[in-house]
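The values are calculated or read from the model by the stated rules, or taken from the named source; none is laboratory data. Quantities reported herein were computed from a predicted structural model and do not represent experimental measurements. Using ideal geometry, Cβ is built from the backbone for each residue, glycine included, and neighbour counts are taken over all protein chains shown. The accessibility values were calculated without ligands, DNA or RNA, using every heavy atom of the protein model including side chains. Shrake-Rupley method; radii C 1.70, N 1.55, O 1.52, S 1.80 Å.
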Amino acid sequence: MDMTNLRGSIVALVTPFNEDQSVDFDALERLVDFHLANGTDGILVLGTTGESSTMTDEEDFAVAKCVIDRVAGRVPVIGGSGSNATAESLNKSLGLQKLGIDGLLLITPYYNKSNEEGIYRHFTTVLDAVDVPCILYNIPGRTGCSISERNVARLSKHPNAWGIKEASGNISYATTVARYLSDDFRMLSGNDDMVVPILSLGGSGVISVWADVCPRAVHDMCANWFAGNTQAALATQLENLELIHSLFCEVNPIPVKAALAKMGMIGETYRSPLYTISDAGRERLYAAMRGAGLID
């Protein structure tokens with residue numbers, strides 16, 4: 001599906017697992033149906049929230065194929081294909097493209113991190129080789145490095161660079177790189193508590209963990225913004241801050257998987273080293289979910 005004009009709420013989908021740690025494809029299909037029924041504008045698989053870093057390539061491709069088949073062209077499906085090894089990112093990107101993915105999410109190289117020119121070449125290696133739109137992923141809190149302003153300026157001109165997922169939490173950085181936005185290069189919020197601020201800078205939406213549990217609310221917030229109902233969008237953002245913060249009270253995706261399990265959507269199973277949410281975290285999460293009307 002063409003994602004040229006994609007905007008709004010793109011869910012960062014969890015990967016549900018069975019108790020034996022295998023992928024729960026039945027639950028995965030239920031999650032896709034839930035999002036299609038509730039207005040989600042796009043689906044991201046194999047991101048941070050999807051625990052792809054603990055999965056094999058075979059599992060990654062199986063999850064992507066399951067979602068692509070279930071969606072059946074109704075909304076764009078984006079696949080996380082990043083790696084700290086450029087060759088691995090390239091191979092995974094080409095593999096997902098062959099499966100029929102609509103777009104790719106490319107994270108900055110982590111652990112080895114690289115210098116500015118190395119990061120630029122890391123991205124262009126994939127951008128030059130694929131035929132699908134790519135979203136650059138800036139999340140220095142996890143990777144230990146950021147996409148420099150100079151690299152954003154250069155990469156924004158590449159025909160396969162659809163945009164940037166900005167997840168630094170730094171509004172100054174977001175404002176700086178917003179200068180490079182155009183009809184051909186867009187910005188998505190990577191922080192659920194900063195969606196409206198990013199939209200105010202010309203952003204096109206959000207890749208959202210919050211949308212895993214509240215797809216309609218996140219979709220409607222973005223739709224209200226684009227329709228000029230900015231106060232309604234702002235109200236949704238502010239009214240849900242406690243829920244949003246509770247979904248990150250421990251490292252993502254521990255709380256959101258606990259929330260979905262409480263809602264009866266998936267089993268509460270993680271891949272090590274992730275572990276079950278603490279008692280204090282669970283108490284805070286459930287209180288916020290009750291406040292949002294998600295559970296009794």
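Scanning the range 62-72 for residues that are open to solvent by 50 Å² or more (accessible area, probe 1.4 Å) and either of a type outside the set (D, E, K, R) or free of Cβ contacts under 8 Å to residues at least 40 places away in the same chain (or both) yields Lys65, Asp69, Ala72. When the range 120-132 is filtered for residues that are among the charged types (D, E, K, R) and part of a helix (DSSP H, G or I), the ones remaining, listed by number, are Arg121, Asp128. Taking the numbered list (1) on the phi > 0 side of the Ramachandran plot; (2) open to solvent by 20 Å² or more (accessible area, probe 1.4 Å); (3) touching a residue at least 12 places away in the same chain (Cβ under 8 Å) in turn, Gly205 passes all entries but (2).
Applying a threshold of 6 Å to beta carbon distances and a minimum spacing of six or more residues, or different chains, the list of pairs starting in the range 169-195 at a residue that is without any contact (Cβ under 8 Å) to a residue 60 or more places away in the chain and ending at one that is of a type in the set (Ser, Thr, Tyr) reads Tyr180/Ser156; Phe185/Ser156; Asp192/Ser208; Val195/Ser189.
Residues that are within 15 Å of Arg282 (Cβ to Cβ) and out of contact with any Ser or Thr (no Cβ under 9 Å at 6 or more places or on another chain): which helices (runs of 4 or more DSSP H) entirely in the range 224-272 hold 3 or more of them?
Working: elements: 230-239, 241-246, 254-262.
Fully inside the range 224-272 and qualifying: 241-246.
In the range 87-138, what count of residues is obtained for those that are hydrophobic (A, V, I, L, M, F, W, C) and modelled with pLDDT under 95? Show your work before the answer.
Taking the range 87-138 first, the residues hydrophobic (A, V, I, L, M, F, W, C) are 87, 90, 94, 96, 99, 101, 104-107, 119, 123, 126-127, 129-130, 132, 134-136.
Filter once more, keeping what is modelled with pLDDT under 95: none.
Residues that pass the stated criteria total 0.
The residue of the range 272-287 that is least open to solvent (accessible area, probe 1.4 Å), among those that are among the small types (Gly, Ala, Ser) and touching a helix residue (DSSP H, G or I) at 6+ places or on another chain (Cβ under 8 Å), is Gly281.
Among the residues of the range 212-248, the ones that are of a type in the set (S, T, N, Q) and either touching a helix residue (DSSP H, G or I) at 6+ places or on another chain (Cβ under 7 Å) or open to solvent by less than 40 Å² (accessible area, probe 1.4 Å) (or both) come to 5 in all. Whether any residue in the range 141-160 is open to solvent by 20 Å² or more (accessible area, probe 1.4 Å), over 24 Å from Val256 (Cα atoms) and in contact with a Cys (Cβ under 9 Å, 6 or more places away or on another chain) is what I want to check. The answer is yes, given that some residue of the range 141-160 is open to solvent by 20 Å² or more (accessible area, probe 1.4 Å), over 24 Å from Val256 (Cα atoms) and in contact with a Cys (Cβ under 9 Å, 6 or more places away or on another chain). Within the range 274-295, one or more residues are in contact with a Pro (Cβ under 8 Å, 6 or more places away or on another chain) and in a helix (DSSP H, G or I). Restricting the range 25-57 to residues that are surrounded by 19 or more Cβ atoms within 10 Å (Cβ to Cβ) and acidic (Asp, Glu), the residue that is nearest to Phe248 (Cα to Cα) is Glu51.
For the range 225-235, indicate whether the set of residues that are under 17 Å from the mean Cα position of the chain (by Cα), under 23 Å from Met187 (Cβ atoms) and in contact (Cβ under 8 Å) with a residue 12 or more places away in the chain is non-empty. Before you say what the answer is, go through the steps one by one.
Quick first cut of the range 225-235, residues under 17 Å from the mean Cα position of the chain (by Cα) only: none.
No - not one qualifying residue is present in the range 225-235.
Taken as a whole, the structure leaves Val251 outside the set of residues that are β-branched (Val, Ile, Thr), under 18 Å from the mean Cα position of the chain (by Cα) and open to solvent by less than 40 Å² (accessible area, probe 1.4 Å). Inspection of the range 145-165 identifies at least one residue that is closer than 21 Å to Ser52 by Cα and part of a strand (DSSP E or B).
Examine the range 171-188 for a residue that is in contact with a Ser or Thr (Cβ under 7 Å, 6 or more places away or on another chain), assigned to a helix (DSSP H, G or I) and surrounded by fewer than 24 Cβ atoms within 10 Å (Cβ to Cβ), and state whether such a residue exists. Yes, that holds for at least one residue.
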